[in-house]
1. Sort out which residues of the range 428-469 are without any contact (Cβ under 8 Å) to a residue 40 or more places away in the chain and assigned to a strand (DSSP E or B), and write them in order of number.
2. Looking at the structure I just gave you, is Asp245 closer than 21 Å to His162 by Cα and either surrounded by fewer than 23 Cβ atoms within 10 Å (Cβ to Cβ) or in contact with a Phe, Trp or Tyr (Cβ under 8 Å, 6 or more places away or on another chain) (or both)?
3. Mind counting the residues in the range 502-539 that are part of a loop (DSSP other than H, G, I, E, B), surrounded by 12 or more Cβ atoms within 10 Å (Cβ to Cβ) and over 32 Å from the mean Cα position of the chain (by Cα)?
4. Would you confirm, using the coordinates I've provided, whether Phe480 is surrounded by 21 or more Cβ atoms within 10 Å (Cβ to Cβ) and not charged (D, E, K, R)?
5. Among the numbered criteria (1) more than 21 Å from Ser119 (Cβ to Cβ); (2) outside any loop (DSSP other than H, G, I, E, B); (3) in contact (Cβ under 8 Å) with a residue 60 or more places away in the chain, which single criterion is violated by Asp65?
6. Could you tell me which residue of the range 428-466 is farthest from Ala377 (Cα to Cα), considering only residues that are acidic (Asp, Glu) and crowded, with 17+ Cβ neighbours inside 10 Å?
7. For the range 233-270, enumerate the residues that are on the phi > 0 side of the Ramachandran plot and either among the hydrophobic types (A, V, I, L, M, F, W, C) or in contact (Cβ under 8 Å) with a residue 40 or more places away in the chain (or both).
8. Looking at the range 122-153, which of its residues are basic (Lys, Arg) and more than 19 Å from Val173 (Cβ to Cβ)?
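The values are calculated or read from the model by the stated rules, or taken from the named source; none is laboratory data. These numbers were taken from a predicted model, which means no experiment stands behind them. Backbone-built Cβ (ideal geometry, glycine too); neighbour counts: all protein chains shown.
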Amino acid sequence: MKITSRDVPPRAAWALEQAGVHPLLARLFAARGIASPDELDDSLTRLLPPDTLHGSDAAAVFLADAISAGKRMCVVADYDCDGATACAVALRGLALLGARREHLSYVVPDRAVHGYGLSTAVVDLAMKQRPDVLITVDNGIASLQGVAHARALGLDVLITDHHLPALVDDQLVLPDANVIVNPNQPCCGFTSKCLAGVGVMFYVLLAVRAELRRRGAFTPQEQPRLDTLLDLVALGTVADVVKLDANNRRLVAQGLKRIRAGRMHAGVAALFAAAKRDPARASSFDFGFALGPRINAAGRLADMTLGIECLLTDDVQRATELAQTLDGINRERRDVEAGMREQAEMLLESLMPEDEPPPAVSIFDPEFHEGVVGIVASRLKDQLHRPTFVFALGQDGLLKGSGRSIPGFHLRDALDLVSKRHPGVLKKFGGHAMAAGCTLEEEDFDVFEQAFQQVAAEWLDPTLLSRTVATDGPLEARWFAPEVVQVLDREVWGQAFEAPVFSDEVEIVSQRIVGERHLKLAVRCGGAVRDAIWFGRSEPLPERALLAFRLSLDEYNGVQRVQLVVEGVA
């Protein structure tokens, strides 16, 4: 591992501090590209206008007409947190805008049975709801056959998605839907290409409201409050690990403000309680590591209907029961994941050369669970710093693989090249730069493994195969204080706007193993001896070490103390 320090443009840091930004935050923001205080304005008025999102105006007319005509609308969701929150936002938002609740329904694919997206099987499933209109959320842009099937059955189709379109003969091909809203479709000039699926649906609702306002359905003073949906938008945005550009940070910041003020949906409040987190101190960390995994667990091991119902109900008791069920499924997910990781690490030990792992890793075990392959791939990718695919045997007898990548290696493009070099090996594939999935026959696994490694060997040079941790450098002694940690925790951090990680050379005063696999430390850092912990590490450290660490609050008997959480050593 290599530990580096981010550059801090002095003029930007000075300008932010002069504008009243906390001195430490001014330094951190400047290092992340913030040059002006205006960029920190998280008010809703600073959101990108909905009419700049291609297709949103057409979608507004389409849905306003459907509401007026009393058409039955069925939302086709996805089985992750982004898809679940997008479904809840769609159904709640359409009801706010005048759609009759009895005209609204949803379906969500079963990961093991239907696979991803608007497949023909999912269309047939939706037909049981007798809809006139299908609305996809967080899927559909690559569902060419599914959309064609729906249209042949006489359904109208609105696609809302944020994934990349399908590639056919090296050409991007769009499905034959009535309307498509996706910032990543060709010719869309929307400058935030990183909207999550839930963000796209929220923007569509903003456009529908504007259209209904033009039609005289309500005045600006009496219009429905779509900002009540922002707790769900924020949760789905962070949980989907999309880039937190300025627009996404505003969406997340507004959602956090509502939650901290106690204004959240019953399901969100119940999930905070199940995770034993305090909504009054809600952070983006809670979305990514507490609430999001509990919703995702339903789609991995059970039925995402549980997660969606938790977000849809206004009954506090029912929300509590569903959140507790999701919490139990998440504990089961952790057990399954731990077992798979142990199996995977044993496989790696037997397959990997002793000196250096290959530039890309693919593993399969008949005992792996299809719903957890993505999490295990992510963990192994972090451990090896290599593009990694993990495969499980699906119910249809095919291998279902989920991959995670490292900076500098576009996973979806790599799969595209594998499919060209070995026609027929990949039955299906899709995704984006950092995460992708594919399906293949079990007998083709070895071919895929070698082909994937070959692409990685061609595209990745040795520098990209060494993990680098970008940090914010040493931390002044005055900032090791509980109130400073609270200031940091209230900000919006996430993908491409990383939470602060500091680095310093420290003296290891003491170290011991706690909980069998965690290293508890006392280190001399910033002029004092401080508590530190390294989760998941049992190997001892030398007397002096360059540590990368973040700050957290450790509370005992009502007293808060700053603790260093170690992220790496160089």
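1. Phe429, Ala436
2. When the stated conditions are applied, Asp245 passes them.
3. Total meeting the criteria: 1.
4. So Phe480 does not fit the description; no.
5. (3)
6. Only one residue tops the list, namely Asp444.
7. Result: Val241, single match.
8. Passing the criteria: Lys128, Arg130.
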